[in-house]
Amino acid sequence: MSGSDKFKNKQILIVGATGGLGCSIARHLKCEGASLVLSGRNEAKLNALSQELGAESLSVDLSDSAERAQLADAIGTLDGVVCAAGVAPVAPVRYLKDADLEACLNVNTVGPLLLIRDLLRKKKLNPGASIVWLSSVASARGAAGYAAYAASKAGLEASARCLALELAPKGMRVNCIAPGMIETEMAASAAERISGEALAAHLKAYPLGVGQPADVAAAASFLLSEASRWVTGVTLPVDGGFSIQ
Amino acid sequence: MSLEKFIEDFEEAVEDIEPGSLTAATKYRGLEAWDSLAVLTVIAMVDAEYDVRLKADTLKNCETLEALFAQVSGSS
């Protein structure tokens with residue numbers, strides 16, 4: 001099977017498509033023949049990307065139940081869903097703002113779970129569909145300042161395991177990817193809030209160096225494809241060896 | 001927003017600083033307690049208390065607490 005046939009006739013929804021990882025995943029899957037539906041909150045970026053890839057698009061805020069329902073209504077049945085939307089507030093718990101904590105949990109944990117709930121209720125997931133949620137190495141390792149983010153991603157992974165069991169009888173699969181430090185806008189934004197020395201020390205902890213969005217896109221492609229048909233409920237680290245130390 | 005209050009907030013944010021021990025002229029980057037966690041904590045404190053999003057570079061470029069306060073008050 002050539003790369004362009006891998007997802008022939010497969011409909012895949014990518015949520016958070018305008019972020020660094022979502023965008024890279026969208027381009028990768030398009031090259032492998034997928035028909036894409038893209039969603040994101042940045043309307044201008046979303047329009048540009050959907051035009052580039054010839055994809056359908058809908059700009060929605062997934063933490064808003066009405067907008068989420070609108071998305072679930074508007075799309076056809078899906079063979080795959082990727083949730084790549086995410087926010088990463090960086091603050092010690094002493095100075096963690098209510099709004100930042102709530103937004104973090106809503107965008108990173110609650111949104112993906114409720115989106116799948118809505119898609120299931122509206123019967124928009126085909127038998128054998130594959131769901132991929134973007135987690136983080138932060139879910140399994142402590143880091144000062146990341147309590148909210150780590151909790152949101154650990155919760156996401158725990159939900160994925162439960163959902164995987166619920167959907168297994170339908171042949172549907174649910175998996176997470178836990179990337180390490182990847183060069184994206186979100187990582188750059190987080191880096192602005194830590195010292196250059198702390199960032200340099202963190203980057204040294206990656207045996208294979210800093211990752212690129214394409215590394216995560218390749219993993220998402222694998223988990224969405226038939227090649228991973230016997231893989232469900234797992235979190236795949238894509239972290240250059242960070243988590244094995 | 002006052003410089004005195006800002007110094008108090010700074011003292012509270014950074015661990016192991018005796019309340020009342022710092023002044024406007026304190027060169028905070030030379031403090032024994034100044035480390036990567038202190039940088040992260042001061043940025044978060046300024047965000048929470050002053051609704052200003054400082055960058056780590058700003059903390060690196062200012063010398064004294066007075067200079068840092070000027071950055072914070074000028075951004076709010």
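The values are calculated or read from the model by the stated rules, or taken from the named source; none is laboratory data. Here the structure is a predicted model, which is why all the values come from computation and not from measurement. Please note: Cβ atoms are built from the backbone with ideal geometry, for glycine as well, and neighbour counts cover all protein chains shown. We work out accessible area using only protein heavy atoms, side chains counted, and drop any ligands, DNA or RNA first. Shrake-Rupley method; radii C 1.70, N 1.55, O 1.52, S 1.80 Å.
Hey, among the residues in region A:84-110 that are of a type in the set (G, A, S) and not in a helix (DSSP H, G or I), which one's nearest to the other protein chains (Cβ to nearest Cβ)? Break it down stepwise before answering.
So the first thing to find is which residues in region A:84-110 are of a type in the set (G, A, S), and the list is A:84-86, A:88, A:91, A:99, A:103.
Still in the list and also not in a helix (DSSP H, G or I): A:84-86, A:88, A:91.
Numbers: A:A84: 24, A:A85: 21, A:G86: 19, A:A88: 13, A:A91: 4 Å.
So, considering only residues that are of a type in the set (G, A, S) and not in a helix (DSSP H, G or I), the one nearest to the other protein chains (Cβ to nearest Cβ) is A:A91.
Selection of region A:1-43 for residues being part of a strand (DSSP E or B) and of a type in the set (G, A, S) yields A:S35, A:S39.
Taking (1) touching a residue at least 24 places away in the same chain (Cβ under 8 Å); (2) more than 12 Å from chain A (Cβ to nearest Cβ); (3) at positive phi in turn, B:D51 satisfies each apart from (2).
Has region A:228-235 got at least one residue that is assigned to a loop (DSSP other than H, G, I, E, B) and either among the small types (G, A, S) or within 14 Å of chain B (Cβ to nearest Cβ) (or both)? Within region A:228-235, one or more residues are assigned to a loop (DSSP other than H, G, I, E, B) and either among the small types (G, A, S) or within 14 Å of chain B (Cβ to nearest Cβ) (or both).
Residues checked against (1) closer than 18 Å to A:I25 by Cβ; (2) more than 14 Å from chain B (Cβ to nearest Cβ); (3) in contact (Cβ under 8 Å) with a residue 12 or more places away in the chain; (4) not basic (K, R):
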position: A:A158; (1), (2), (3), (4): no, yes, no, yes
position: A:C162; (1), (2), (3), (4): no, yes, no, yes
position: A:A200; (1), (2), (3), (4): no, no, no, yes
position: A:P207; (1), (2), (3), (4): no, yes, yes, yes
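Quick check on region A:74-81. Is at least one of its residues within 14 Å of chain B (Cβ to nearest Cβ), open to solvent by less than 60 Å² (accessible area, probe 1.4 Å) and more than 18 Å from the chain's Cα centre (by Cα)? Looking for residues that are within 14 Å of chain B (Cβ to nearest Cβ), open to solvent by less than 60 Å² (accessible area, probe 1.4 Å) and more than 18 Å from the chain's Cα centre (by Cα), one finds none in region A:74-81, hence no. Within the set B:T23, B:T41, the sole residue that is buried (at least 18 other Cβ atoms within 10 Å of the Cβ) and either in contact (Cβ under 8 Å) with a residue 24 or more places away in the chain or of a type outside the set (F, W, Y) (or both) turns out to be B:T41. The sole residue among B:K60, B:K5 that is facing chain A (nearest Cβ under 10 Å), in a helix (DSSP H, G or I) and at negative phi is B:K60. The number of residues in region B:26-37 being free of Cβ contacts under 8 Å to residues at least 40 places away in the same chain, outside any loop (DSSP other than H, G, I, E, B) and more than 9 Å from every other protein chain (Cβ to nearest Cβ) comes to 3. Checking the structure you have, find out if any residue of region A:168-181 is at pLDDT below 95 and in contact with a helix residue (DSSP H, G or I) (Cβ under 8 Å, 6 or more places away or on another chain). Scanning region A:168-181, I find at least one residue that is at pLDDT below 95 and in contact with a helix residue (DSSP H, G or I) (Cβ under 8 Å, 6 or more places away or on another chain), so the answer is yes. For region A:227-245, a residue qualifies if it is among the charged types (D, E, K, R) and open to solvent by 50 Å² or more (accessible area, probe 1.4 Å), and exactly one does: A:R229.
Of the set (1) assigned to a helix (DSSP H, G or I); (2) at pLDDT 95 or above, all apply to A:D79 but (1).
Restricted to region A:179-226, and to residues that are polar (S, T, N, Q) and part of a loop (DSSP other than H, G, I, E, B), which residue is surrounded by the fewest Cβ atoms within 10 Å (Cβ to Cβ)?
Within region A:179-226, the subset polar (S, T, N, Q) is A:184, A:189, A:195, A:212, A:221, A:225.
Filter again for part of a loop (DSSP other than H, G, I, E, B), leaving A:184, A:195, A:212, A:225.
Numbers: A:T184: 21, A:S195: 21, A:Q212: 14, A:S225: 18.
That would be A:Q212.
Among the residues of region A:29-49, the ones that are modelled with pLDDT of 95 or more, closer than 21 Å to A:A218 by Cα and either crowded, with 22+ Cβ neighbours inside 10 Å or among the hydrophobic types (A, V, I, L, M, F, W, C) (or both) come to 8 in all.
Let me confirm something: among A:L71, A:L113, which residue is away from every other protein chain (no Cβ under 14 Å), among the hydrophobic types (A, V, I, L, M, F, W, C), open to solvent by 60 Å² or more (accessible area, probe 1.4 Å) and in a helix (DSSP H, G or I)? So that I can check it myself, show each step before the final result.
Working: A:L71 fails: open to solvent by 60 Å² or more (accessible area, probe 1.4 Å).
From the options A:L71, A:L113, the qualifying one is A:L113.
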